[in-house]
(Lines give C-alpha, C1' and ligand atoms only; values in the text may rest on other atoms or scores of the structure.)
Protein backbone atom coordinates (compact mmCIF):
# COMPACT_ATOMS: atom_id res chain seq x y z
CA UNK A 1 0.00 0.00 0.00
CA UNK A 2 2.82 2.40 0.82
CA UNK A 3 4.19 2.10 -2.73
CA UNK A 4 1.16 4.10 -3.86
CA UNK A 5 0.54 7.77 -3.12
CA UNK A 6 -2.83 9.47 -3.53
CA UNK A 7 -2.98 13.26 -3.78
CA UNK A 8 -6.44 14.85 -3.52
CA UNK A 9 -7.26 18.27 -4.93
CA UNK A 10 -10.28 19.71 -3.12
CA UNK A 11 -11.76 22.14 -0.60
CA UNK A 12 -11.47 20.31 2.73
CA UNK A 13 -8.81 22.10 4.77
CA UNK A 14 -9.06 20.29 8.10
CA UNK A 15 -11.85 20.25 10.67
CA UNK A 16 -9.96 22.70 12.86
CA UNK A 17 -10.64 25.40 10.25
CA UNK A 18 -14.45 25.11 10.14
CA UNK A 19 -15.18 27.72 12.81
CA UNK A 20 -12.48 30.02 11.43
CA UNK A 21 -13.99 29.90 7.95
CA UNK A 22 -17.52 30.48 9.27
CA UNK A 23 -16.55 33.44 11.46
CA UNK A 24 -13.92 35.11 9.29
CA UNK A 25 -14.97 34.44 5.69
CA UNK A 26 -18.52 33.14 5.22
CA UNK A 27 -21.01 35.87 4.44
CA UNK A 28 -24.00 33.96 3.09
CA UNK A 29 -25.15 30.89 1.21
CA UNK A 30 -21.97 28.84 1.66
CA UNK A 31 -22.23 25.06 1.43
CA UNK A 32 -19.74 22.74 3.13
CA UNK A 33 -21.30 19.51 1.82
CA UNK A 34 -18.49 18.82 -0.65
CA UNK A 35 -15.90 19.57 2.03
CA UNK A 36 -17.58 17.11 4.38
CA UNK A 37 -17.63 14.45 1.69
CA UNK A 38 -13.91 15.01 1.10
CA UNK A 39 -13.23 14.78 4.85
CA UNK A 40 -14.90 11.40 5.16
CA UNK A 41 -13.29 10.00 2.02
CA UNK A 42 -9.84 11.37 2.86
CA UNK A 43 -10.00 9.98 6.39
CA UNK A 44 -11.16 6.68 4.93
CA UNK A 45 -7.97 6.42 2.88
CA UNK A 46 -5.92 6.94 6.04
CA UNK A 47 -7.97 4.46 8.06
CA UNK A 48 -7.22 1.81 5.44
CA UNK A 49 -3.51 2.69 5.67
CA UNK A 50 -3.12 4.36 2.28
CA UNK A 51 -0.64 7.22 1.93
CA UNK A 52 -2.84 10.19 1.08
CA UNK A 53 -2.39 13.96 0.97
CA UNK A 54 -4.68 16.86 0.10
CA UNK A 55 -4.00 20.17 -1.62
CA UNK A 56 -6.89 22.38 -0.54
CA UNK A 57 -8.41 25.60 -1.82
CA UNK A 58 -11.27 26.03 0.67
CA UNK A 59 -14.59 27.27 -0.67
CA UNK A 60 -15.30 30.59 1.08
CA UNK A 61 -17.46 32.29 -1.54
CA UNK A 62 -16.60 35.39 -3.54
CA UNK A 63 -15.87 38.90 -2.28
CA UNK A 64 -17.88 41.05 -1.80
CA UNK A 65 -21.02 38.99 -2.51
CA UNK A 66 -20.67 35.92 -0.30
CA UNK A 67 -17.23 36.34 1.30
CA UNK A 68 -16.19 38.94 3.86
CA UNK A 69 -12.53 39.15 2.83
CA UNK A 70 -10.68 39.74 -0.43
CA UNK A 71 -8.23 36.92 0.22
CA UNK A 72 -8.22 33.61 2.05
CA UNK A 73 -4.94 32.96 3.85
CA UNK A 74 -3.17 31.75 6.99
CA UNK A 75 -5.34 28.70 7.64
CA UNK A 76 -4.18 25.96 9.96
CA UNK A 77 -2.30 23.21 8.12
CA UNK A 78 -1.24 19.67 8.97
CA UNK A 79 1.41 17.28 7.66
CA UNK A 80 -1.02 15.80 5.14
CA UNK A 81 -3.11 18.86 4.17
CA UNK A 82 -1.76 21.92 2.34
CA UNK A 83 -4.11 24.93 2.35
CA UNK A 84 -3.72 27.40 -0.51
CA UNK A 85 -3.91 31.19 -0.26
CA UNK A 86 -5.84 32.88 -3.07
CA UNK A 87 -7.89 35.95 -3.97
CA UNK A 88 -11.64 35.69 -3.44
CA UNK A 89 -12.54 38.75 -5.54
CA UNK A 90 -15.51 38.12 -7.83
CA UNK A 91 -14.34 37.58 -11.40
CA UNK A 92 -10.75 36.60 -10.62
CA UNK A 93 -11.12 34.10 -7.78
CA UNK A 94 -10.95 31.01 -10.01
CA UNK A 95 -7.87 32.34 -11.80
CA UNK A 96 -6.14 33.04 -8.49
CA UNK A 97 -7.24 29.67 -7.11
CA UNK A 98 -5.85 27.84 -10.15
CA UNK A 99 -2.47 29.59 -9.91
CA UNK A 100 -2.21 28.86 -6.19
CA UNK A 101 -3.26 25.22 -6.53
CA UNK A 102 -0.74 24.61 -9.31
CA UNK A 103 2.08 26.32 -7.42
CA UNK A 104 1.40 24.45 -4.19
CA UNK A 105 1.03 21.17 -6.05
CA UNK A 106 4.39 21.53 -7.81
CA UNK A 107 6.11 22.61 -4.56
CA UNK A 108 4.59 19.63 -2.75
CA UNK A 109 5.79 17.19 -5.43
CA UNK A 110 9.31 18.61 -5.33
CA UNK A 111 9.53 18.38 -1.54
CA UNK A 112 8.23 14.82 -1.31
CA UNK A 113 10.35 11.80 -2.05
CA UNK A 114 8.15 10.12 -4.63
CA UNK A 115 10.80 8.09 -6.40
CA UNK A 116 9.65 4.55 -7.22
CA UNK A 117 6.11 5.38 -6.08
CA UNK A 118 2.96 5.29 -8.13
CA UNK A 119 1.24 8.65 -7.73
CA UNK A 120 -2.45 9.15 -8.47
CA UNK A 121 -3.94 12.65 -8.36
CA UNK A 122 -7.68 12.88 -7.62
CA UNK A 123 -9.88 15.93 -8.17
CA UNK A 124 -12.75 15.90 -5.68
CA UNK A 125 -15.14 17.82 -7.91
CA UNK A 126 -15.59 18.79 -11.58
CA UNK A 127 -14.27 22.26 -10.80
CA UNK A 128 -12.10 23.94 -13.46
CA UNK A 129 -9.17 24.90 -11.14
CA UNK A 130 -9.02 21.27 -9.93
CA UNK A 131 -9.13 19.93 -13.50
CA UNK A 132 -6.25 22.18 -14.54
CA UNK A 133 -4.13 20.65 -11.77
CA UNK A 134 -5.03 17.17 -13.06
CA UNK A 135 -3.94 18.21 -16.55
CA UNK A 136 -0.64 19.47 -15.12
CA UNK A 137 -0.14 16.27 -13.11
CA UNK A 138 -0.61 14.09 -16.17
CA UNK A 139 1.28 16.16 -18.76
CA UNK A 140 4.22 17.34 -16.65
CA UNK A 141 4.70 14.47 -14.23
CA UNK A 142 3.06 11.50 -15.92
CA UNK A 143 0.85 10.72 -12.91
CA UNK A 144 -2.41 8.79 -13.12
CA UNK A 145 -5.55 10.84 -12.53
CA UNK A 146 -9.04 10.33 -11.15
CA UNK A 147 -12.09 12.58 -10.96
CA UNK A 148 -14.96 12.47 -8.47
CA UNK A 149 -18.15 14.04 -9.81
CA UNK A 150 -20.78 14.80 -7.12
CA UNK A 151 -22.77 17.03 -9.47
CA UNK A 152 -22.84 18.22 -13.06
CA UNK A 153 -20.56 21.25 -13.55
CA UNK A 154 -23.33 23.18 -15.32
CA UNK A 155 -25.48 22.87 -12.19
CA UNK A 156 -22.87 24.47 -9.95
CA UNK A 157 -23.89 28.09 -10.44
CA UNK A 158 -23.52 31.08 -8.15
CA UNK A 159 -24.61 33.96 -10.37
CA UNK A 160 -27.50 34.94 -12.61
CA UNK A 161 -26.05 37.82 -14.65
CA UNK A 162 -25.70 37.33 -18.43
CA UNK A 163 -21.92 37.84 -18.39
CA UNK A 164 -21.59 35.29 -15.58
CA UNK A 165 -23.69 32.72 -17.45
CA UNK A 166 -21.63 33.30 -20.60
CA UNK A 167 -18.30 32.83 -18.81
CA UNK A 168 -19.73 29.87 -16.91
CA UNK A 169 -20.64 28.15 -20.18
CA UNK A 170 -17.03 28.51 -21.32
CA UNK A 171 -15.77 27.04 -18.04
CA UNK A 172 -18.18 24.12 -18.30
CA UNK A 173 -17.03 23.34 -21.84
CA UNK A 174 -13.40 23.37 -20.66
CA UNK A 175 -14.24 21.13 -17.71
CA UNK A 176 -15.68 18.43 -19.98
CA UNK A 177 -12.81 18.82 -22.44
CA UNK A 178 -10.11 18.39 -19.80
CA UNK A 179 -11.96 15.65 -17.92
CA UNK A 180 -12.58 13.56 -21.03
CA UNK A 181 -8.97 13.90 -22.18
CA UNK A 182 -6.88 13.87 -19.01
CA UNK A 183 -8.85 11.83 -16.45
CA UNK A 184 -8.01 8.14 -16.32
CA UNK A 185 -10.90 7.11 -14.08
CA UNK A 186 -14.08 8.46 -12.52
CA UNK A 187 -16.36 8.10 -9.53
CA UNK A 188 -19.86 9.47 -10.18
CA UNK A 189 -22.71 10.05 -7.75
CA UNK A 190 -25.43 8.99 -10.21
CA UNK A 191 -25.84 7.18 -13.53
CA UNK A 192 -27.29 10.38 -15.01
CA UNK A 193 -24.06 12.25 -14.27
CA UNK A 194 -21.94 9.48 -15.75
CA UNK A 195 -23.84 9.71 -19.02
CA UNK A 196 -22.57 13.27 -19.53
CA UNK A 197 -18.90 12.22 -19.61
CA UNK A 198 -16.88 10.19 -22.07
CA UNK A 199 -15.92 7.04 -20.16
CA UNK A 200 -15.14 4.81 -23.13
CA UNK A 201 -12.05 2.74 -22.34
CA UNK A 202 -11.89 4.19 -18.82
CA UNK A 203 -12.85 2.77 -15.46
CA UNK A 204 -15.73 4.28 -13.53
CA UNK A 205 -17.68 3.71 -10.35
CA UNK A 206 -21.09 4.96 -9.23
CA UNK A 207 -21.62 5.68 -5.53
CA UNK A 208 -24.09 8.29 -4.24
CA UNK A 209 -21.62 9.42 -1.59
CA UNK A 210 -20.22 7.96 1.62
CA UNK A 211 -21.62 7.03 5.02
CA UNK A 212 -19.30 6.98 8.02
CA UNK A 213 -21.45 4.60 10.06
CA UNK A 214 -25.03 3.61 10.83
CA UNK A 215 -25.73 4.75 14.37
CA UNK A 216 -29.27 5.05 15.70
CA UNK A 217 -30.11 6.99 18.88
CA UNK A 218 -33.60 6.84 20.36
CA UNK A 219 -35.09 10.20 21.34
CA UNK A 220 -37.21 11.11 24.34
CA UNK A 221 -38.47 14.52 23.24
CA UNK A 222 -41.56 16.00 24.88
CA UNK A 223 -42.81 16.96 21.43
CA UNK A 224 -41.97 15.54 18.00
CA UNK A 225 -39.02 17.37 16.44
CA UNK A 226 -38.59 17.68 12.66
CA UNK A 227 -35.21 18.94 11.41
CA UNK A 228 -33.91 20.29 8.11
CA UNK A 229 -30.18 20.85 7.49
CA UNK A 230 -28.94 22.29 4.20
CA UNK A 231 -29.35 25.28 1.89
CA UNK A 232 -32.49 27.23 2.76
CA UNK A 233 -33.46 27.94 -0.84
CA UNK A 234 -36.97 27.99 -2.27
CA UNK A 235 -36.21 24.99 -4.52
CA UNK A 236 -35.43 22.95 -1.41
CA UNK A 237 -39.00 23.25 -0.16
CA UNK A 238 -38.44 25.67 2.73
CA UNK A 239 -41.76 27.43 2.10
CA UNK A 240 -43.51 24.06 2.37
CA UNK A 241 -41.86 23.44 5.73
CA UNK A 242 -43.03 26.83 7.05
CA UNK A 243 -46.58 26.16 5.82
CA UNK A 244 -46.55 22.70 7.38
CA UNK A 245 -45.29 24.14 10.67
CA UNK A 246 -48.21 26.59 10.68
CA UNK A 247 -50.68 23.71 10.40
CA UNK A 248 -48.82 21.44 12.85
CA UNK A 249 -48.34 23.59 15.98
CA UNK A 250 -47.93 20.43 18.07
CA UNK A 251 -44.68 19.59 16.22
CA UNK A 252 -41.38 21.49 16.54
CA UNK A 253 -39.38 22.37 13.41
CA UNK A 254 -35.66 23.16 13.41
CA UNK A 255 -34.06 24.57 10.25
CA UNK A 256 -30.31 25.05 9.75
CA UNK A 257 -28.50 26.55 6.76
CA UNK A 258 -28.04 29.61 4.58
CA UNK A 259 -29.74 30.57 1.34
CA UNK A 260 -32.24 32.82 -0.41
CA UNK A 261 -34.98 32.32 2.23
CA UNK A 262 -32.95 33.46 5.23
CA UNK A 263 -34.98 36.65 5.66
CA UNK A 264 -38.28 34.78 5.65
CA UNK A 265 -36.99 32.39 8.29
CA UNK A 266 -35.53 35.14 10.46
CA UNK A 267 -38.86 36.96 10.35
CA UNK A 268 -40.94 33.86 10.93
CA UNK A 269 -43.19 34.38 13.98
CA UNK A 270 -44.18 30.74 14.46
CA UNK A 271 -43.29 29.57 17.95
CA UNK A 272 -42.62 26.02 16.75
CA UNK A 273 -40.01 27.08 14.15
CA UNK A 274 -36.37 27.56 15.18
CA UNK A 275 -33.83 28.78 12.62
CA UNK A 276 -30.00 29.00 12.66
CA UNK A 277 -27.95 30.01 9.63
CA UNK A 278 -24.75 27.99 10.05
CA UNK A 279 -24.09 24.74 11.82
CA UNK A 280 -20.58 23.35 12.27
CA UNK A 281 -20.46 20.05 10.34
CA UNK A 282 -18.69 18.43 13.28
CA UNK A 283 -21.80 18.75 15.47
CA UNK A 284 -24.44 17.84 12.87
CA UNK A 285 -24.72 14.33 14.28
CA UNK A 286 -25.77 15.75 17.65
CA UNK A 287 -28.70 17.57 16.06
CA UNK A 288 -29.68 14.51 14.03
CA UNK A 289 -29.59 12.30 17.12
CA UNK A 290 -31.97 14.66 18.95
CA UNK A 291 -34.40 14.79 16.01
CA UNK A 292 -37.37 12.49 15.44
CA UNK A 293 -37.97 13.13 11.73
CA UNK A 294 -35.61 14.54 9.10
CA UNK A 295 -36.84 16.67 6.19
CA UNK A 296 -35.47 17.03 2.66
CA UNK A 297 -38.33 18.39 0.51
CA UNK A 298 -36.19 19.38 -2.48
CA UNK A 299 -38.49 19.83 -5.49
CA UNK A 300 -38.25 17.28 -8.33
CA UNK A 301 -36.95 19.06 -11.44
CA UNK A 302 -34.33 18.83 -14.18
CA UNK A 303 -31.58 19.65 -11.68
CA UNK A 304 -32.48 16.81 -9.34
CA UNK A 305 -32.61 14.32 -12.21
CA UNK A 306 -28.83 14.09 -11.90
CA UNK A 307 -27.92 15.57 -8.52
CA UNK A 308 -28.08 13.38 -5.41
CA UNK A 309 -28.78 15.46 -2.24
CA UNK A 310 -25.59 15.21 -0.19
CA UNK A 311 -27.33 15.61 3.16
CA UNK A 312 -29.50 12.55 2.56
CA UNK A 313 -26.69 10.13 3.37
CA UNK A 314 -25.91 12.03 6.56
CA UNK A 315 -29.61 11.73 7.41
CA UNK A 316 -29.58 8.00 6.62
CA UNK A 317 -26.61 7.35 8.90
CA UNK A 318 -28.73 8.49 11.87
CA UNK A 319 -31.40 5.88 11.20
CA UNK A 320 -34.23 8.43 11.59
CA UNK A 321 -37.33 8.57 9.31
CA UNK A 322 -36.68 10.77 6.26
CA UNK A 323 -39.39 12.75 4.48
CA UNK A 324 -38.58 13.64 0.87
CA UNK A 325 -39.97 13.79 -2.65
CA UNK A 326 -39.18 10.80 -4.86
CA UNK A 327 -36.40 12.38 -6.91
CA UNK A 328 -35.31 10.93 -10.27
CA UNK A 329 -31.82 10.26 -8.86
CA UNK A 330 -33.17 7.88 -6.18
CA UNK A 331 -32.87 4.21 -7.13
CA UNK A 332 -35.48 1.67 -6.03
CA UNK A 333 -33.38 0.61 -3.04
CA UNK A 334 -34.45 3.82 -1.29
CA UNK A 335 -38.17 3.06 -1.57
CA UNK A 336 -38.11 1.06 1.68
CA UNK A 337 -36.13 3.77 3.47
CA UNK A 338 -37.82 7.09 2.65
CA UNK A 339 -41.28 8.48 3.44
CA UNK A 340 -42.24 10.07 0.13
CA UNK A 341 -44.20 13.30 -0.34
CA UNK A 342 -46.80 12.63 -3.04
CA UNK A 343 -47.50 16.15 -4.35
CA UNK A 344 -45.78 19.55 -4.22
CA UNK A 345 -47.93 21.17 -1.55
CA UNK A 346 -47.81 21.58 2.22
CA UNK A 347 -50.71 19.18 2.80
CA UNK A 348 -48.78 16.35 1.14
CA UNK A 349 -45.74 17.24 3.25
CA UNK A 350 -47.94 17.05 6.36
CA UNK A 351 -49.24 13.63 5.31
CA UNK A 352 -45.68 12.37 4.85
CA UNK A 353 -44.64 13.75 8.25
CA UNK A 354 -47.59 12.05 9.92
CA UNK A 355 -46.67 8.83 8.13
CA UNK A 356 -43.07 9.13 9.35
CA UNK A 357 -44.43 9.66 12.85
CA UNK A 358 -45.57 6.01 12.85
CA UNK A 359 -41.98 4.72 12.63
CA UNK A 360 -40.37 7.07 15.13
CA UNK A 361 -38.16 5.21 17.61
CA UNK A 362 -37.88 2.13 15.40
CA UNK A 363 -34.28 1.03 14.93
CA UNK A 364 -33.85 0.31 11.21
CA UNK A 365 -30.07 -0.15 11.28
CA UNK A 366 -30.18 -3.70 9.90
CA UNK A 367 -32.18 -2.81 6.79
CA UNK A 368 -29.97 0.24 6.17
CA UNK A 369 -26.82 -1.89 6.30
CA UNK A 370 -28.38 -4.43 3.95
CA UNK A 371 -29.55 -1.85 1.41
CA UNK A 372 -26.71 0.68 1.62
CA UNK A 373 -23.71 -1.13 3.08
CA UNK A 374 -21.74 -0.46 -0.12
CA UNK A 375 -21.83 3.25 0.78
CA UNK A 376 -19.94 2.81 4.04
CA UNK A 377 -16.77 4.83 3.62
CA UNK A 378 -14.45 1.83 4.00
CA UNK A 379 -16.28 0.01 1.20
CA UNK A 380 -16.32 3.05 -1.10
CA UNK A 381 -12.58 3.57 -0.56
CA UNK A 382 -11.83 -0.09 -1.32
CA UNK A 383 -13.87 0.00 -4.52
CA UNK A 384 -12.38 3.32 -5.64
CA UNK A 385 -8.81 2.26 -4.86
CA UNK A 386 -9.30 -0.92 -6.88
CA UNK A 387 -10.05 1.24 -9.89
CA UNK A 388 -7.20 3.67 -9.26
CA UNK A 389 -4.60 0.95 -8.75
CA UNK A 390 -5.76 -1.12 -11.71
CA UNK A 391 -4.86 1.84 -13.93
CA UNK A 392 -1.20 1.20 -13.17
CA UNK A 393 -1.62 -2.51 -13.82
CA UNK A 394 -3.28 -1.79 -17.15
CA UNK A 395 -0.42 0.53 -18.05
CA UNK A 396 2.15 -2.13 -17.22
CA UNK A 397 0.22 -4.76 -19.19
CA UNK A 398 -0.42 -2.35 -22.08
CA UNK A 399 -4.10 -3.10 -21.94
CA UNK A 400 -7.37 -1.39 -21.14
CA UNK A 401 -10.01 -2.77 -18.82
CA UNK A 402 -13.41 -1.16 -18.30
CA UNK A 403 -14.92 -1.46 -14.81
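The values are calculated or read from the model by the stated rules, or taken from the named source; none is laboratory data. Because the structure is a prediction, the values reported are computed rather than measured. Every residue, glycine as well, gets a Cβ built from its backbone with ideal geometry; the counts of neighbours run over all protein chains shown.
Observations
- Options 342, 311, 271; residue that is outside the structural domain of residue 155 (by TED's automatic domain parsing) and at pLDDT below 95: 311
- Restricted to the stretch 279-301, and to residues there that are out of contact with any helix residue (DSSP H, G or I) (no Cβ under 9 Å at 6 or more places or on another chain) and in a loop (DSSP other than H, G, I, E, B), the residue that is modelled with the lowest pLDDT is 300.
- Test for residue 314: is it touching a residue at least 60 places away in the same chain (Cβ under 8 Å), in contact with a strand residue (DSSP E or B) (Cβ under 9 Å, 6 or more places away or on another chain) and within 30 Å of residue 121 (Cα to Cα): yes
- Set 138, 132, 97: member being at pLDDT 95 or above, in a helix (DSSP H, G or I), outside the structural domain of residue 329 (by TED's automatic domain parsing) and closer than 20 Å to residue 205 by Cβ: 138
- Residue within the stretch 163-175 that is crowded, with 18+ Cβ neighbours inside 10 Å, in contact with a strand residue (DSSP E or B) (Cβ under 6 Å, 6 or more places away or on another chain), assigned to a helix (DSSP H, G or I) and in the same structural domain as residue 393 (by TED's automatic domain parsing) present: no
- Among residues of the stretch 23-81, those that are free of Cβ contacts under 8 Å to residues at least 24 places away in the same chain and either touching a helix residue (DSSP H, G or I) at 6+ places or on another chain (Cβ under 8 Å) or buried (at least 16 other Cβ atoms within 10 Å of the Cβ) (or both), counted: 1
- Within the stretch 218-260, restricting attention to residues that are at pLDDT 95 or above and assigned to a loop (DSSP other than H, G, I, E, B), the residue that is surrounded by the fewest Cβ atoms within 10 Å (Cβ to Cβ) is 250.
- Residue selected from the stretch 100-119 under the condition part of a helix (DSSP H, G or I) and touching a strand residue (DSSP E or B) at 6+ places or on another chain (Cβ under 7 Å), by the criterion surrounded by the fewest Cβ atoms within 10 Å (Cβ to Cβ): 108
- Selected residue [under 24 Å from residue 207 (Cβ atoms) and under 17 Å from the mean Cα position of the chain (by Cα)] from 330, 340: 330
- Filter result (in a loop (DSSP other than H, G, I, E, B) and farther than 21 Å from residue 352 by Cβ) within the stretch 269-278: 269, 271, 277, 278
- With respect to (1) in contact with a strand residue (DSSP E or B) (Cβ under 8 Å, 6 or more places away or on another chain); (2) surrounded by 18 or more Cβ atoms within 10 Å (Cβ to Cβ), the lone exception for residue 308 is condition (1).
- Criterion (assigned by TED's automatic domain parsing to the domain that holds residue 123, touching a strand residue (DSSP E or B) at 6+ places or on another chain (Cβ under 7 Å) and in a helix (DSSP H, G or I)) met by exactly one of 8, 42, 53: 42
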